[in-house]
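Visitor: Pasting in a structure now, in structure tokens, and then I'll have a few things to ask.
The values are calculated or read from the model by the stated rules, or taken from the named source; none is laboratory data. Bear in mind the structure is a predicted one, so any value in this text is a computation, not a measurement. Glycine also receives a Cβ, built like all others from the backbone with ideal geometry; neighbour counts cover every protein chain displayed.
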Amino acid sequence: MESSSAMASSEAAVQSAWKAIDEERGYVTELTQRLVRIPSVNPKFEIDPQQNKERGVQDLVEAELRSIGMSIDRWDVFQDRPNVIGQWPGSEERSLLLCGHIDVVPVGKRDAWSVDPFGGEIKNGRLYGRGAVDMKSGVAAAIAAVRGIRKAGIELNGRLAIHSVVDEEAGGFGAIDAVKRGYLAKTAIITEPSWGEVLVCEGGLEWIRVTITGRQGHSAWRYNELWPQRDGPERLRPAVNAIDIAARFLVALKDFESSRCRNRQHPLLPPGMNTINVGAMRAGSGLGPDGLPLIMTNPAIIPDVAVIDLDYKFLPNQTKDFIRHEFEEFVHHFCQQDLWLRENPIRVEWELGGLHFPPMDTSPDHPIVQSLMKRRSQLGGKPKISGMIAVVDGAHYAGAGVDAVICGATGDGFHGVDEYVDIASLEETTKTLAASIIDWCGVKQ
């Protein structure tokens, strides 16, 4: 337990940091504007040199981190798509990282926006633009919080890092690469939008490919596989329509989904969030080297392959091994009910496209959670502890043993039109982060 003198020192440091932040109150908004005005659309979604400027965003981030005395590590995760990590040295026992991503999703139809998507326009207390809330404001808040600590002359005991990463919108491969390279800490705050709440958990996510194989044939002889036939040496070998099997499989999958959603819940997440989304299905004849059908435009062929891609969510308190075994058991039992599938079982491929989000399930009693709750309350908020419905980079740190939590600003329009961040919430988030950094890392006496 902290001594009374240490607690007093920590409180004095928090007040000093808040004063320094207030003295440069417009900094976090201005930095968010500057970040939004550099288009950084993830090139996995849309290739356009005028919009794929992640390097330019990271140049700005690096300059700001250097200005507050952080040492810099920078490398390309993909070509011209760098991660930037700034660090202050300190003890590992009280180490903390703050993480945000700088890639954004495409704008979509520009004429649907009432503002310039990359203008950073401010009106009615809101800052508009693609990435404003998801999540360049989160990156700006982390930098501004650390800047306030620096301006106040506070020295921390614990090592502090800011991770500015790419590719979160396409699976989190920037954070994954940082984790693989050993950029970890005891605790992490992911500065994604959290609407005044402190989010301590999120479910895991798998992308799964299910491949169903049949037997190709001519559509004119489809009757031979459907209607009772005299079975003898003269009978043509029946085809097996993979789409027919897929239709039956999807019905069974829906029942399986309903059962697992109904029977298992997490106290901090809405019932039924552990869904199985059928995201893509392609069927036809012949299986290509890419794992997809070669011919998908000829209805005169009885198809011999159906490929179904699933987005498979599971609960924060479930493990990867458990949910994989459960799903494979379901597929196995489905196959055992069909003579063809007993000999030609459905194939299940995990981590499609390399995507896997481990679950995140940090205790609500964790000191960093309690600090964030306390500081948000002191600043006039009414926070509650909750869980994240979607998946964010916190999963990848949690999977490496880091106690992660999500705390960010308020806004709307993420992945849609007229995206914005609420400026008052952004300022409050900056001060909350600064205080919790001090609470967790401690102050040198």
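Visitor: Cβ contacts < 8 Å: first residue more than 14 Å from Lys136 (Cα to Cα), restricted to segment 56-68; second residue of a type in the set (Ser, Thr, Tyr) and modelled with pLDDT under 95, any location; separation 6+ or different chain. Result?
Guide: Every condition considered, no pair remains.
Visitor: Hey, another quick one. Pick out, from segment 335-445, the helices (runs of 4 or more DSSP H) lying fully within it that include 2 or more residues that are without any contact (Cβ under 8 Å) to a residue 24 or more places away in the chain.
Guide: Working: elements: 339-343, 367-378, 394-398, 423-441.
Result: 339-343, 367-378.
Visitor: Something else now. Residues that are assigned to a loop (DSSP other than H, G, I, E, B), free of Cβ contacts under 8 Å to residues at least 40 places away in the same chain, in the same structural domain as Asp311 (by TED's automatic domain parsing) and surrounded by fewer than 16 Cβ atoms within 10 Å (Cβ to Cβ): does segment 218-227 have at least one?
Guide: Of all residues in segment 218-227, those assigned to a loop (DSSP other than H, G, I, E, B) come to 222, 227.
Filter once more, so that each one left must be free of Cβ contacts under 8 Å to residues at least 40 places away in the same chain: 227.
In the following step, the residues that additionally are in the same structural domain as Asp311 (by TED's automatic domain parsing) were identified as 227.
Retained after the next criterion (residues that are surrounded by fewer than 16 Cβ atoms within 10 Å (Cβ to Cβ)): 227.
Yes.
Visitor: So which residues in segment 312-337 are among the aliphatic types (A, V, I, L, M) and in contact with a His (Cβ under 8 Å, 6 or more places away or on another chain)? I'd like the intermediate steps shown before the answer.
Guide: Here is the first cut: in segment 312-337, the ones among the aliphatic types (A, V, I, L, M) are 315, 323, 331.
Result: Leu315, single match.
Visitor: With the requirement that a residue be more than 20 Å from Ile72 (Cβ to Cβ), of a type outside the set (A, V, I, L, M) and either touching a Leu at 6+ places or on another chain (Cβ under 9 Å) or assigned to a strand (DSSP E or B) (or both), what does segment 149-172 give you?
Guide: Answer for segment 149-172, where residues must be more than 20 Å from Ile72 (Cβ to Cβ), of a type outside the set (A, V, I, L, M) and either touching a Leu at 6+ places or on another chain (Cβ under 9 Å) or assigned to a strand (DSSP E or B) (or both): Gly171, Gly172.
Visitor: Right, Val210: in a strand (DSSP E or B) and within 31 Å of the chain's Cα centre (by Cα) or not?
Guide: So Val210 passes the test.
Visitor: Would you confirm whether any residue within segment 161-178 is free of Cβ contacts under 8 Å to residues at least 60 places away in the same chain and under 27 Å from Ile438 (Cα atoms)? Let's see the steps before the verdict.
Guide: Initial filter on segment 161-178 (free of Cβ contacts under 8 Å to residues at least 60 places away in the same chain): none.
Checked against the condition, which is being free of Cβ contacts under 8 Å to residues at least 60 places away in the same chain and under 27 Å from Ile438 (Cα atoms), segment 161-178 yields no hits at all.
Visitor: While we're looking at this one, here's another question. For Pro82, indicate whether it is surrounded by 13 or more Cβ atoms within 10 Å (Cβ to Cβ), within 24 Å of the chain's Cα centre (by Cα) and part of a loop (DSSP other than H, G, I, E, B).
Guide: In short, no.
Visitor: Is there a residue being charged (D, E, K, R) and either at pLDDT below 90 or not in a loop (DSSP other than H, G, I, E, B) (or both) anywhere in segment 269-286? Spell out the reasoning first.
Guide: Start the filter on segment 269-286 by keeping residues that are charged (D, E, K, R), which leaves 282.
Adding the requirement that they be either at pLDDT below 90 or not in a loop (DSSP other than H, G, I, E, B) (or both) leaves 282.
Yes, some residue in segment 269-286 is charged (D, E, K, R) and either at pLDDT below 90 or not in a loop (DSSP other than H, G, I, E, B) (or both).
Visitor: With respect to Val305, determine if the residue is under 29 Å from Gly203 (Cβ atoms), surrounded by 14 or more Cβ atoms within 10 Å (Cβ to Cβ), touching a residue at least 12 places away in the same chain (Cβ under 8 Å) and of a type outside the set (Asp, Glu). Before the answer, list the steps.
Guide: Values: under 29 Å from Gly203 (Cβ atoms): no; surrounded by 14 or more Cβ atoms within 10 Å (Cβ to Cβ): yes; touching a residue at least 12 places away in the same chain (Cβ under 8 Å): yes; of a type outside the set (Asp, Glu): yes.
Considered against the rule, which asks whether it is under 29 Å from Gly203 (Cβ atoms), surrounded by 14 or more Cβ atoms within 10 Å (Cβ to Cβ), touching a residue at least 12 places away in the same chain (Cβ under 8 Å) and of a type outside the set (Asp, Glu), Val305 comes out as no.
Visitor: Please go through segment 104-133 and pick out each residue that is within 16 Å of Glu168 (Cα to Cα) and surrounded by 24 or more Cβ atoms within 10 Å (Cβ to Cβ). Show your work before the answer.
Guide: From segment 104-133, those within 16 Å of Glu168 (Cα to Cα) are 104-106, 130-133; that's our starting set.
Answer for segment 104-133, where residues must be within 16 Å of Glu168 (Cα to Cα) and surrounded by 24 or more Cβ atoms within 10 Å (Cβ to Cβ): Val104, Arg130, Gly131, Ala132, Val133.
Visitor: Would you confirm, using the coordinates I've provided, whether Phe45 is surrounded by fewer than 22 Cβ atoms within 10 Å (Cβ to Cβ) and within 22 Å of Tyr128 (Cβ to Cβ)?
Guide: Values: surrounded by fewer than 22 Cβ atoms within 10 Å (Cβ to Cβ): yes; within 22 Å of Tyr128 (Cβ to Cβ): yes.
Yes, satisfied.
Visitor: Related question: With the condition kept exactly as written, say whether any residue in segment 18-35 is assigned to a loop (DSSP other than H, G, I, E, B) and surrounded by 20 or more Cβ atoms within 10 Å (Cβ to Cβ). Talk me through it step by step, then tell me what you get.
Guide: Of all residues in segment 18-35, those assigned to a loop (DSSP other than H, G, I, E, B) come to 24-26.
Those still in the list that are surrounded by 20 or more Cβ atoms within 10 Å (Cβ to Cβ) too: none.
No, segment 18-35 contains no residue that is assigned to a loop (DSSP other than H, G, I, E, B) and surrounded by 20 or more Cβ atoms within 10 Å (Cβ to Cβ).
Visitor: Got a sec? Which of Ile149, Ile102 is under 27 Å from Trp18 (Cβ atoms) and either acidic (Asp, Glu) or more than 24 Å from the chain's Cα centre (by Cα) (or both)? Full working, then the answer.
Guide: On the way: Ile102 fails: either acidic (Asp, Glu) or more than 24 Å from the chain's Cα centre (by Cα) (or both).
The conditions single out Ile149.
Visitor: Does Pro383 count as surrounded by 13 or more Cβ atoms within 10 Å (Cβ to Cβ), in contact with a Phe, Trp or Tyr (Cβ under 7 Å, 6 or more places away or on another chain) and farther than 30 Å from Ala306 by Cα? Give the derivation first.
Guide: Values: surrounded by 13 or more Cβ atoms within 10 Å (Cβ to Cβ): yes; in contact with a Phe, Trp or Tyr (Cβ under 7 Å, 6 or more places away or on another chain): no; farther than 30 Å from Ala306 by Cα: yes.
The answer is no for Pro383.
Visitor: Right, Arg264: under 19 Å from Leu339 (Cα atoms), among the basic types (Lys, Arg) and without any contact (Cβ under 8 Å) to a residue 60 or more places away in the chain or not? Working first, answer last.
Guide: Numbers: under 19 Å from Leu339 (Cα atoms): no; among the basic types (Lys, Arg): yes; without any contact (Cβ under 8 Å) to a residue 60 or more places away in the chain: yes.
Against the criterion (under 19 Å from Leu339 (Cα atoms), among the basic types (Lys, Arg) and without any contact (Cβ under 8 Å) to a residue 60 or more places away in the chain), Arg264 does not qualify.
Visitor: In addition: Of all the residues that make up segment 228-246, how many are over 14 Å from Gly214 (Cα atoms), surrounded by 11 or more Cβ atoms within 10 Å (Cβ to Cβ) and not polar (S, T, N, Q)?
Guide: Initial filter on segment 228-246 (over 14 Å from Gly214 (Cα atoms)): 228-236.
Retained after the next criterion (residues that are surrounded by 11 or more Cβ atoms within 10 Å (Cβ to Cβ)): 229, 236.
Checking the rest, the ones that are also not polar (S, T, N, Q) come to 236.
Total satisfying the criteria: 1.
Visitor: Quick one: Ala188 ticks every box in (1) more than 20 Å from Tyr397 (Cβ to Cβ); (2) of a type in the set (A, V, I, L, M, F, W, C); (3) out of contact with any Pro (no Cβ under 7 Å at 6 or more places or on another chain) except a single one, so which number is it?
Guide: Looking at each condition in turn, Ala188 falls short on (1).
Visitor: Quick one: Phe322 ticks every box in (1) in a loop (DSSP other than H, G, I, E, B); (2) over 22 Å from Arg222 (Cα atoms) bar one, so which box is it?
Guide: Looking at each condition in turn, Phe322 falls short on (1).
To keep it simple, each residue is scored yes or no on (1) surrounded by fewer than 23 Cβ atoms within 10 Å (Cβ to Cβ); (2) out of contact with any Asp or Glu (no Cβ under 8 Å at 6 or more places or on another chain).
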{"residue": "Arg159", "(1), (2)": "yes, no"}
{"residue": "Val166", "(1), (2)": "no, no"}
{"residue": "Lys180", "(1), (2)": "yes, yes"}
{"residue": "Ser194", "(1), (2)": "no, yes"}
{"residue": "Arg209", "(1), (2)": "yes, no"}
{"residue": "Thr213", "(1), (2)": "yes, no"}
